[in-house]
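Since the structure comes first, as structure tokens, the remarks are kept for the end.
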Amino acid sequence: MATKILIIDDHQLFREGVKRILDFESSFEVVAEGDDGSQAIDLVDKYEPDVTIMDINMPKTNGVEATRQLLERFPDKKVIILSIHDDENYVTHALKTGASGYLLKEMDADALVEAVKVVSDGGSYLHPKVTHNLVNEYRRLAQEQSGSGDHYVQTIEIRRPLHLLTRRECEVLQLLADGKSNRGIGEALFISEKTVKNHVSNILQKMNVNDRTQAVVVAIKNGWVEVR
């Protein structure tokens with residue numbers, strides 16, 4: 001069955017662009033659209049979408065508040081937040097409401113499609129740039145807790161998980177931690193995006209995680225990647 005999608009964004013041209021991208025996927029069906037968060041509950045109740053794509057900035061009810069209300073009423077539904085803000089405070093606040101994804105509006109079509117697929121399968125998805133910013137925040141907090149500044153972080157021994165991943169997969173994992181998109185990873189390693197996607201799928205399976213963000217968090221905690 002097709003993944004049913006609801007799009008809520010007050011900018012009609014942007015909303016139409018998102019719909020056009022999603023309509024290219026035979027496994028997706030955009031069942032409804034709205035232009036304000038205040039419509040979210042009624043539209044979800046009527047059309048029962050699997051994934052709601054929600055703009056964060058709207059005039060009446062913003063996306064964060066709308067997501068909170070929606071998930072209180074329908075806790076099994078999935079929401080992806082759309083935003084122009086990559087600051088970790090915005091991201092953290094949005095995710096605390098229960099949103100399963102956070103995408104920047106500068107995303108490309110592949111990122112949008114991938115996010116919907118990951119979230120509809122029960123995972124979470126963060127825009128690569130957002131992941132990079134969260135990693136930097138993690139690094140800052142680690143420095144503060146260590147009390148030794150940059151020297152402490154720089155002297156941590158990086159232990160590549162060669163017991164679990166191939167050398168190429170370790171390289172891909174490091175680039176994920178650097179906040180690279182699939183396209184960016186492909187350009188850095190001189191491989192196709194399809195090959196990158198295969199490597200990422202293998203990494204997630206071997207690490208027993210649901211998505212890229214979880215993979216990066218686990219890798220940081222285990223000292224498998226450099227935080228740079």
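The values are calculated or read from the model by the stated rules, or taken from the named source; none is laboratory data. No experiment lies behind these values; they were computed from the predicted model shown. Methodologically, a virtual Cβ is constructed for each residue, glycine included, from the backbone with ideal geometry; neighbour enumeration extends over all protein chains shown. Side chains included, ligands, DNA and RNA excluded: accessible areas come from the protein's heavy atoms. Shrake-Rupley method; radii C 1.70, N 1.55, O 1.52, S 1.80 Å.
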### Message
Here's a check for you: in the stretch 1-10, which residue that is at pLDDT below 95 and open to solvent by 50 Å² or more (accessible area, probe 1.4 Å) is nearest to residue 51 (Cα to Cα)?
### Response
1
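List the helices (runs of 4 or more DSSP H) inside the stretch 175-228, counting only whole elements, that have at least 3 residues being free of Cβ contacts under 8 Å to residues at least 24 places away in the same chain and either open to solvent by 50 Å² or more (accessible area, probe 1.4 Å) or charged (D, E, K, R) (or both).
Working: elements: 182-189, 193-207, 212-221.
By residue number, 193-207.
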### Message
Restricting to the stretch 88-108, give me the number of residues that are out of contact with any Leu (no Cβ under 9 Å at 6 or more places or on another chain) and either closer than 15 Å to residue 5 by Cβ or not in a loop (DSSP other than H, G, I, E, B) (or both).
### Response
6
### Query
Hey, any hits in the stretch 11-20 for a residue that's basic (Lys, Arg), free of Cβ contacts under 8 Å to residues at least 12 places away in the same chain and open to solvent by 40 Å² or more (accessible area, probe 1.4 Å)?
yes
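Here are some residues: 80, 56. Which one is over 20 Å from residue 28 (Cβ atoms) and either of a type in the set (Val, Ile, Thr) or out of contact with any helix residue (DSSP H, G or I) (no Cβ under 6 Å at 6 or more places or on another chain) (or both)? Please lay out each step first, then the result.
Details: 80 fails: over 20 Å from residue 28 (Cβ atoms).
Of 80, 56, the one residue that is over 20 Å from residue 28 (Cβ atoms) and either of a type in the set (Val, Ile, Thr) or out of contact with any helix residue (DSSP H, G or I) (no Cβ under 6 Å at 6 or more places or on another chain) (or both) is 56.
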### Task
Among what's in the stretch 21-32 and is touching a residue at least 12 places away in the same chain (Cβ under 8 Å) and of a type in the set (Asp, Glu), pick the residue that is surrounded by the fewest Cβ atoms within 10 Å (Cβ to Cβ).
29
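Does residue 99 satisfy the criteria of being surrounded by 23 or more Cβ atoms within 10 Å (Cβ to Cβ) and either touching a Lys or Arg at 6+ places or on another chain (Cβ under 8 Å) or within 17 Å of residue 19 (Cα to Cα) (or both)?
Details: surrounded by 23 or more Cβ atoms within 10 Å (Cβ to Cβ): yes; either touching a Lys or Arg at 6+ places or on another chain (Cβ under 8 Å) or within 17 Å of residue 19 (Cα to Cα) (or both): no.
No: the conditions fail for residue 99.
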### Query
For the stretch 8-87, which helices (runs of 4 or more DSSP H) that fit wholly inside it have 1 or more residues that are among the polar types (S, T, N, Q), assigned by the TED database to the domain that holds residue 125 and more than 20 Å from residue 117 (Cβ to Cβ)?
12-23, 63-73
### Query
Can you find a residue in the stretch 57-69 that is buried (at least 23 other Cβ atoms within 10 Å of the Cβ), without any contact (Cβ under 8 Å) to a residue 40 or more places away in the chain and under 21 Å from residue 122 (Cβ atoms)?
yes
